[in-house]
1. Lysines near K177 by alpha-carbon distance under 21 Å, same-chain residues fewer than 8 away left out - which ones?
2. Which shape class, rounded, prolate or oblate, goes with region 68-161 when its Cα gyration tensor gives a ≥ b ≥ c as root eigenvalues, a/c under 1.5 marks rounded, and past that a/b bigger than b/c marks prolate?
3. Within region 222-254, what residues put their amide N at less than 15 Å from the label point 7 Å along the Cα-to-Cβ vector of R192?
4. Would you kindly derive the ³J(HN,Hα) couplings of region 68-85 from the backbone phi angles with the Karplus curve 6.51 cos²θ - 1.76 cosθ + 1.60 (θ = phi - 60°), listing them in order in whole Hz, with x for Gly and Pro?
5. Please get the size of the charge dipole for region 68-161, origin at its Cα centre, with Cβ charges of +1 on Lys and Arg and -1 on Asp and Glu, quoted in debye to the nearest 20.
6. How much FRET efficiency would the formula 1/(1 + (r/R0)^6) give for S332 and A422, where r is the Cβ-Cβ distance and R0 is 22 Å, rounded to 0.05?
7. Going from most exposed to least, what order do W248, W414 have by accessible area with a 1.4 Å probe?
8. Amide H neighbours of S138 under 5 Å, at least 5 residues apart or on other chains, H built in the peptide plane: list them.
Amino acid sequence: MMRITIRPFQEVRLLARPSRILRPFSSAARTLGTAETDTSVSSSSTASSSSRIGRISESLIRPSPTPHVSATEDKTTVSWPDGRTTTFDNYFLFDHCRCPKCFHSKTKQRLKELNQIPDDIRPVAVEVDNSGVHLSWSTSEEHKSTFPFEFLRRSAYDPPLSSYRDATEGRVLWNSKIAQSPPSVVYEDIIRSDDEALKSERAILKLLNRVHDFGFCFVNNVPATPEKTQELIEKIAPIRHTHYGGFWEFTADQSHGDLAYSNEGLPCHTDTTYFTDPAGLQIFHLLSHPSPPGTGGTTLLVDGFYTASLLSTLYPTSYSLLSRLRIPAHASGTEGTMLRPPLSQPAFRHDEKGQLTQVRWNNEDRGVLGQGWSAEEVKGWYQAARRYDELNKSEDAEYWVQLGPGTMLVIDNWRVMHGRSAFTGARQMCGAYVGADDWSSRRTALTKKHEIRKKSILDDDWSVGW
Ligand SMILES: [Fe+2]
Ligand SMILES: [Zn+2]
């Protein structure tokens, strides 16, 4: 296998703007030159460009003066003061009306069925003022909609106007140099008295923002007991129950038929690739590991998005294959459990905007691949997987850290891989999983409540459903 040496980052300013952080990738790519030597594999995937990773959001500024709006039988066209033009299907606009007949302001749910929209729906009158675009519709009963400008800019699809609140906003990709300044918060900021609930919420938001931005965060000064650890986790978000239970306490007793419950070293991986919806957060707290006699058990973290960005730059065809070919995974080592997602998923998954959203990478839990693939694809997938594996196991990517009692580690399991070195002695760990939707919901709701990073000027009815 070709040996890859990646020059360590010369300058990593971890808390700098993402545009500065992204610079080292091009230098890594320059170091390696054009190393693309993929075998020829036909690919229909469009997910191969590094540009989808770490793209910077365009900031939204309400245009002034007001745009010009015109409507025909089929579509409504908005000409913005900056010279750009977007077109909306009339059916789309009427479907998104948020008047009281169409939208329940308290439950934030649609009230209008699709069969209540006439096929030939079209505006019969158009007005524009500072509050937005007012359309009167061709319905038998009078029906008016008001669309705020920001909604129209944000929902524009023909063509899209902005990557509003991109999932990558704030994201910082990192390598081994993160050891110089890993993200952390302190326990006392989160666990406070009842009359400091707002301060506690802001500290939780800070923690979740760091997990979002870096893919992990430490919580320092946590009392080294299972009870206090569980209380802290439940304060952050609800614990997700799995076949391992809810909150877990770990000793190397093989109680769950998984290598995690042994004392062997574990290569970097993401957890629960055998779930349709892999765990969102993986949370660890090492409660005790007496030394001597206990040795080893150092924790390994690798930013799977960072290494994916390298793969995308160096071997775009390999990136494309890992984005397209679905890999079966399973968990079959626990009596009475035969987990296997009904829909297998590829290693890299992207959102509607083509941004990398999830890495599923677990060699140990990989099932029998190749069903429905061509012979070329099987060969190409192995080559791609070996390349990604090599990037993940490079000195450049690996961040090794010795955990100790009092330091809880929160990992975004959809992004950052974890592993550990082999160990001896009685190592006592505890922790829990949190669902991806649950921590994302908590972060979004706290952001809205505390108006941190709030970019939108849309009111409550227009800010949901994105
Ligand atoms: Fe794990
Ligand atoms: Zn309406």
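The values are calculated or read from the model by the stated rules, or taken from the named source; none is laboratory data. Remember, it's a predicted structure, so these values are computed and weren't measured experimentally. A quick note on method: Cβ atoms are made from the backbone with ideal geometry, for glycine too, and the neighbour counts reach across all protein chains shown. Calculation scope for accessible area: heavy atoms of the full protein, side chains included, ligands and nucleic acids excluded. Shrake-Rupley method; radii C 1.70, N 1.55, O 1.52, S 1.80 Å.
1. K393
2. On the way: a/c = 1.68, a/b = 1.38, b/c = 1.22.
In terms of gyration-tensor shape, prolate.
3. 236
4. Taking θ as phi minus 60°, the curve returns 9, 10, 9, 10, 10, 4, 9, 9, 10, 10, 10, 9, 7, x, 7, x, 7, 10 Hz for region 68-85.
5. Numbers: 12 positive and 14 negative charges, 105 e Å.
Rounded to the nearest 20 debye, it is 500 debye.
6. Numbers: r = 24 Å, r/R0 = 1.08.
For S332 and A422, the calculated efficiency is 0.40.
7. Numbers: W248 30, W414 55 Å².
Heavy-atom accessible area, descending, gives W414, W248.
8. Excluding prolines and chain starts, which carry no amide H, the hits are R122, V124.
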